[in-house]
Every structure is written in structure tokens, then in C-alpha cells.
Amino acid sequence: MSKETNSAEVLLNQNVAPEQFDWDSFESGLDADARKEKSDLEEIYNGSLSSLNDNDVITGKVVRLTDKEAIVDIDFKSEGVISLNEFRYNPGLSVGDVVEVMVDRREDKTGQLQLSHRKARTLKAWDRVNELHETGEIVNGFVKSRTKGGMIVDVHGIEAFLPGSQIDVKPIKDYDQFVGKTMEFKVVKINPEFKNVVVSHKALIEADIEGQKKEIIAQLEKGQVLEGTVKNITSYGVFIDLGGVDGLIHITDLSWSRVNHPSEILEDGQTVKVVILDFDDEKTRIQLGMKQLEAHPWDALSADMKVGDKVKGKVVVLADYGAFVEIAPGVEGLIHVSEMSWSTHLRSAGDFVKVGDEVEAEVLTLDREDRKISLGMKQLSKDPWENIEAKYPVGSQHVGTVRNFTNFGVFVELEEGIDGLIYISDLSWTKKIKHPSEFCAVGDKLDVVVLELDIQARRLSLGHKQLQENPWDKFETKYAEGTVHAGKAVEVHDKGASVQFEDAEVEAFCPSRLLEKEDGSKIKKGEDAQFKVIEFNKEFKRVVVSHTGIFRDEEKKNVKESSNRNVSSSSNNEERSTLGDIDALAELKKKMEGGK
């Protein structure tokens, strides 16, 4: 029988009134002293539990280590358990060490208190990182590994991101060289929502550089010679690090000689001496030079060089208008394309030379003050215009090559450097040529005769038609005004028609009003007919004809002949009348005389 049953029976047997019945003792099975002792113990227990709030960081002592866990005493009713994985950063953990922990779960399914050292460390570290961000204090961090775009750095137990651009002031190609190293960093960005931290090592370098930069800038002067390191090479120049301050050597200030690309002269990381040429007011843009530290090549040019001297050099730059030839280190002369050949047909300089060619030339002009020199190649060969009168006297006949056209004529090359012009009017005696391309083509061989020679102006006037007899001399007689010829209307237009005679070289013009035929219609294109020459001009090679005039002249002739016949008949009658009258008078006279 239970203790509670015995108490109830005792109370019932004593006939105690209901209002005096001890229900607490009945329900708990404990008397008043036992209940008080239990209450005191519960109060102590609950007090210890309430002191452990979530996210509170407290200290504890390691009391025991197993293969996988550390047992930590935090002065609680039971000891807590922490996985050894959370102490990987501290391989020397031992019994008795005091560590920071945070309650993860008060009791697991076995009633064991679960603690977390990692969470406690992270919470403390987050507070510390925020403090570092606010103060800008430098912190040491351990580079754990590479990641996309940068590195992972352990800062007080928090994994922070180090972007590749924030490792150093100069671009870094090999990130692996930093893995496993402890470096100084500055916390530059925090995202509280996602618990992201960004750190920078570059910011510390830039801060140091900025201090050095101000010190260096304050001491800069034009003409000052400094030593620097090649930082970056571009197509237009080289950036030099002067110890925190960058300056630019333009490609034209690298060397007195022509430079195609700065990489021909310098390479990354190379140490060089430079001179300050100029800078802006804030000294943020610094212009540097290297060639200025050497004597100008023109100063070393031979004092004996003069116009007419022959020199040798290498083609360093080529343009359509000419070639630059380096005749001494840093000394270049221009050979204009017109000085490359005696030919008057200007072409591109690339038709004669190419970059890298070794050439010989003659000094044409030399200006030491302005440091300019012009050269010529053609002067080394004989001028084709020498003794031109002997080679091409007026009236001499030659064969030339058609080189190009103009609206007024054809240029014909007789030999390299000697061209002559045939005016369009000297191409043919009979053809009406509007443009020389109608008569010949570039590259054609053409027979010519020298008409004029101007040695001073270096001009030749040529002719082609003069090689043949002028057919208009005979046409003047054959197609004299009033002559009639058979022809064909080859073209018909509003103003008239072009008429072709049996001599294909002669083309006449018939005005529209004179194309009318006897039946009133007009001659059409391709129609053959008779035409009468009504005008012939030998000088302008013009023949004007008429078809209408032929039958109208015939009509006029018939009318004239008819008129002449009427006049003759009338005269005969008159004559006969007169004679008759004379006979009558004679007869009358006889009668009168006989009567007497």
C-alpha cells in the first residue's frame, strides 16, 4: 500500500472536516517539510538555467578530452560538449584551458548540454570586425585559399573576401603565392545582412605610397634626373614608377632614333634613369624623357656634310609621299617620291622602296638649325633631258606608251622621265573625239611626231595625226559647194541628221528643214538619199548638205526653162508680126507710087 493511500486513510479515519484537508500533501505525497526542501532545490535549479540566455558568450574550462569531443565545465548543473572540429585552428588544446563558448542547445535527447566554441568565437569576431571597420585599424589575417576573383582570408575566425584587385597596387597574375601567408589588411566593407566582410591589402600600400608621393611631389623640379621602374608599357609610351608617383615617357621621348613600339626599348620592371620634362600645377601629370639624357644626334653629325654629298641609310618610315631614311643614329632625311625617279608619273613611294631597305641618295638640302635634311635618289642616275634636242628633235618620229589621259589630251612616255602631250585635236584629222579614251587606251603603243620642244619647261608637244596626209585637202575639191553625193542618214534628231558619205572619214550635217523629200515626208535614220553640199569649211572640218535643195533646184530649173520658152514664142510672134507689117507697108507703098 502506498504512502499517499495511508495518509488519506488516516485523515478519513480521524474524521477531519473537508475544509481542513491537506490537498497538497495528498497530491504530492510529500509532507510540508519535504515539499519545502523540494521547492528550494527547484528555485536553485531554475535560477541556474535562467542565467544561460541564447547567444550569450561565457567562459568555461576544458575538463576532459576524448577522440572527438572536448568536455567543458561552465558551472552549470551539467558539463557541456564541443566537437574538436571547432578547435582545428588550435591543435594544442589541452585539459585546463579556458575557452569562450555559447549555449547551442540546453539539452539534447540524452540530456547533455550542447555548447559551441565556433559560434562564440564568430560572435566575438564579428563585433571585433565591426570595430575594426569603424576605426580603420590594421588587422592580421591568414590567407586560407583561392576563390573566384580573389582570396579567402581568416580574420578573427571570420572568412573575409580579398578581391584580386585589392592584393597589390600592381596587377597580380599568380594568386597561389599568397596562400598560407599571414598579411596585414584593412576592413574596407561590411554587409551586416549577409555577414560579408571585404578586406584590402592594397589600401595599406596606397596609404604608404600616398605619403611617399606627397614627399616626392614636393621635391620635383623640371630637369631633375631620377631613377624609376617601368610599370606599364603602352603603344604610345611607358609609365615609370618614381617611388609612389607615376610619370609618362612618350614614345617620341624614348630615343632619338625612330621607335615603332616602346617594347623595343624597355621591358616591365626595368630600372631606368629619366629626366623630368614638365608637369601640371598639381604635379599629378609628370612628363618624363630618356633621350634628353643623351647628346642630340645632329650635334654629332659630320660638320663636313654638304649639299651634293652622297649618303647611305636605311628606310625607317614609308608614306605615299616619300620615305624617311636614317643616315645616322637619330638623323633622318626625307626622300620625296618626286625625287625617287626622273619619271613625271608620280606614284607611291612604296613602288620604289620598302621599310628596311638600304638606299643611297644625294643630299639636296641641309638645314642644321632646323635639323632638316632632304635627299634624292634620281640624282644618282643620268637626267634623261640631257641632250634632249639630239634625241628628240622637232619633226622626228617615235613610238611611245600611253600613260594617262586628261580632258584635253594624252600623255605619252617616250622613255623613263620623258613624257610628251598629244592634244586631243592632234589625234585625228577626221574623227570628232570628245575624250582621248575614245581613241586609245592606257598602255597602248602610239606612233608620234615631235611638234614642239621646250627645254627650259621640260615639255614636249607631240602629234599623231601629222604622220598622215591631211585628207581634207582632197575633200575640199571633192565636196565643193554645189556638188551632189549619195549618203546615208546615220543619226536623225530634232535639229537635223548626220549624213555619212562614201568616204567614211567625212560626216556631213543636214538641217532638219532640209531633210524634207519631194512628197513632203522627211528622211529617216538609215535611209539612203542624194545630198547637195551647201557649205564646206576645211578649217573646222564642217560640211553642211541639203536633200530638199536637190528637187527644189530642179523645180526652179523647170520653171525657168518654161519661162524661157514663153518668152521665145512671144518674140517669134512679134517678129513675124513685124515682118508682116513691113510686107503690107511695102505693098501699100507700091500701090501708092503706081497711082501717081
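The values are calculated or read from the model by the stated rules, or taken from the named source; none is laboratory data. Just so it is clear, the model here is predicted, and its values are computed rather than measured. Every residue, glycine as well, gets a Cβ built from its backbone with ideal geometry; the counts of neighbours run over all protein chains shown. Surface areas here come from the heavy atoms of the whole protein model, side chains and all, with no ligands, DNA or RNA. Shrake-Rupley method; radii C 1.70, N 1.55, O 1.52, S 1.80 Å.
P(r) of region 324-441 in 10 Å steps, Cα pairs, percent per bin?
Cα pair-distance distribution for region 324-441, in percent: 11, 31, 26, 19, 10, 2, 0.
For region 378-494, would you read off the P(r) tail past 19 Å as a percentage of all alpha carbon pairs? Show your work: numbers first, answer last.
Working: 3798 of 6786 pairs.
I get 56 percent for the Cα pairs in region 378-494 exceeding 19 Å.
Quick check on region 286-341: what does the Kirkwood estimate of hydrodynamic radius come out to from the alpha carbon pairs, in Å?
Details: mean 1/r = 0.0755 Å⁻¹.
Answer for region 286-341: a Kirkwood hydrodynamic radius of 13.2 Å.
Just how many % of Cα pairs in region 502-547 lie over 13 Å apart, if you round to the nearest whole percent?
Value for region 502-547: 60 percent of Cα pairs lie more than 13 Å apart.
So what is the accessible area of region 420-498 per residue, in Å², with the probe set to 1.4 Å?
That works out to 59 Å² per residue.
Percent of alpha carbon pairs in region 215-302 separated by more than 18 Å?
Distances greater than 18 Å cover 40 percent of the Cα pairs.
Place the peptides 505-518, 178-191 in order of packing, highest mean first, counting for every residue the other Cβ atoms within 10 Å and averaging per peptide.
505-518, 178-191
So, how do all the Cα-to-Cα distances of region 274-383 break down into 5 Å bins, in percent, from 0 on up?
The calculated distribution, bin by bin, is 2, 11, 19, 18, 15, 11, 8, 7, 5, 3, 1, 0, 0.
Return one whole number: the accessible area per residue of region 113-232 in Å², for a 1.4 Å probe.
Heavy-atom SASA per residue in region 113-232 reads 59 Å².
Kindly report the accessible area of region 311-388 per residue (heavy atoms of protein chains, probe 1.4 Å, no ligands, DNA or RNA), in Å².
51 Å²
So which chymotrypsin sites (Phe, Trp or Tyr not before Pro) in region 199-277 pass both tests, a DSSP loop state and at most 15 other Cβ atoms within 10 Å of the Cβ? Please report the intermediate quantities before stating the final value.
Details: sites: 236, 239, 256; in loops: 236, 256.
Passing both the DSSP loop test and the Cβ count: 236.
Counting other Cβ atoms within 10 Å, which GluC sites (Glu not before Pro) in region 209-262 have at most 12 and lie in a DSSP loop?
221
Please report, in whole Å³, the volume per residue of the convex hull around the C-alpha atoms of region 62-198.
So the per-residue hull volume is 146 Å³.
Over all directions, average the projected area of the Cα convex hull of region 307-368 and note it in nm².
Values: hull surface 16.7 nm².
Taking a quarter of the hull surface, the average projection is 4.2 nm².
With the cut-off at 25 Å, tell me which of the pairs 170/214; 312/391; 273/372; 478/541 have Cα atoms farther apart than that. Display every interim value, and only then the final one.
On the way: 170/214 20 Å; 312/391 33 Å; 273/372 29 Å; 478/541 14 Å.
Beyond 25 Å: 312/391; 273/372.
What are the equivalent ellipsoid semi-axes of region 204-264, built from the alpha-carbon gyration tensor (square roots of five times its eigenvalues), in whole angstrom, biggest first?
Details: eigenvalues 129, 40, 10 Å².
Semi-axes, largest first: 25, 14, 7 Å.
Just to make sure I understand: if all protein chains stay in place, what is the order of 116, 165, 396 by accessible area at 1.4 Å, largest first?
Greatest to least solvent exposure: 165, 396, 116.
When only alpha-carbon atoms count, how far does region 161-267 stretch along each of its three principal axes, as whole angstroms with the largest first?
Result for region 161-267: principal-axis Cα extents of 59, 32, 25 Å.
Please compute one quarter of the surface area of the Cα convex hull for region 335-378 and express it in square nanometres.
Value for region 335-378: 3.5 nm².
For region 66-141, compute the orientation-averaged projected area of the C-alpha convex hull (one quarter of its surface), in nm².
Numbers: hull surface 25.5 nm².
If I average the Cα hull's projected area over directions, I get 6.4 nm².
What percentage of the solvent-accessible surface of region 438-532, computed with a 1.4 Å probe over protein heavy atoms, is contributed by carbon and sulfur atoms?
Using a 1.4 Å probe with all protein chains present, region 438-532 comes out at 44 percent carbon and sulfur.
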